[in-house]
Amino acid sequence: MEDKNVQALREIQSMMAKSSRFISLSGLSGIAAGICAIIGAFVANRFVTNYYNILKTQGTADLLGLRNQLITTAMAIFVLALITAFLFTFRKSQKDNIPIWGTTSLRLLWNTFLPIGIGAVLIAKLIMQNNYHLVAPACLLFYGLGLINGSKYTLNEIKYLGYAQLLLGLLNLWLPNYGLHFWTLGFGVLHIVYGFVMWNKYERGAKSE
């Protein structure tokens, strides 16, 4: 009798969790986003290296062209990461038989992307004023705030990824010459580590059952 009560209680808790939190985020989406970020960092590093090689040999180089290349690369990687994240999350929601669109998912998107959207406006202004050394830390800081703000509507572990992004962003403020390194570590390496941990915790066991 006690076992049945415990089982019923767990089922109720599971139903409450599903109704109040979007729990279909896939760890594979984090891994995919991290891989996209590392590819983007590699391409950006090639552009920067080429710019300084030209500057060294010719005495002048196209800074506006470099800026446009980096912005285009960042936007392309962002879109690619969003697409892969959506596909893996959609796949997991189908497997869990949980609708991907609903009140909870909309709250998650709003609370996550509100700080990120405000950060995007600030970053655009920094770029317009040629404050490039603040772009990478601003990306990390506002992204971290978005993750923490949205964590109450999804898996609780995502807030720790947010805290890690904040820490990297703060460190990058004091080490501005290593912006690309911090950006790669935050959006690339940490996403892969986080994604693997989440996949191992929530999806690996379910897949083997």
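Here are some notes:
- Summing charges over neighbours of Q69, with a neighbour being any other residue whose Cβ is under 10 Å away from its Cβ, gives +1 when K and R count +1 and D and E count -1.
- Length-normalised contact order for region 43-138 - Cα pairs under 8 Å, 6+ apart - percent: 15
- Derived from the Cα gyration tensor, the three semi-axes of the equivalent ellipsoid of region 74-117 are 21, 16, 5 Å, largest first.
- Evaluated on region 133-174, the Kirkwood hydrodynamic radius is 10.0 Å, with distances taken between all distinct Cα atoms.
- One compactness figure for region 79-209 is 1.14, namely its Cα radius of gyration divided by 2.2 N^0.38 Å.
- Contact order normalised by residue count of the chain, Cα under 8 Å, 6+ apart, percent: 31
- Kyte-Doolittle mean at least 0.5, axial Cα span of 18 Å or more - DSSP H helices of the chain: 27-58, 63-96, 103-128, 135-150, 158-174
- Local charge for L190 was computed over the other residues whose Cβ lies under 15 Å away, with Lys and Arg +1 and Asp and Glu -1, and equals 0.
- Of L145, L106, L161, the one that fluctuates the most in a GNM where the chain has Cα springs shorter than 10 Å: L106
- Accessible-area order (highest first, 1.4 angstrom probe) of the listed residues T73, T49: T49, T73
- Net charge, N149 excluded, C-beta distance under 12 Å - Lys, Arg +1, Asp, Glu -1: +3
- Packing order of peptides 29-40, 147-158, 87-98, highest average first: 29-40, 147-158, 87-98 (average count of other Cβ atoms within 10 Å over each peptide's residues).
- Each label was represented as a point 7 Å from its Cα along the Cα-to-Cβ direction; for Y132 and W110 these points are 3.9 nm apart.
The values are calculated or read from the model by the stated rules, or taken from the named source; none is laboratory data. Every value quoted in this text rests on a predicted model; they were computed, and no experiment measured them. Using ideal geometry, Cβ is built from the backbone for each residue, glycine included, and neighbour counts are taken over all protein chains shown. SASA here: full protein model, heavy atoms, side chains in, ligands and nucleic acids out. Shrake-Rupley method; radii C 1.70, N 1.55, O 1.52, S 1.80 Å.
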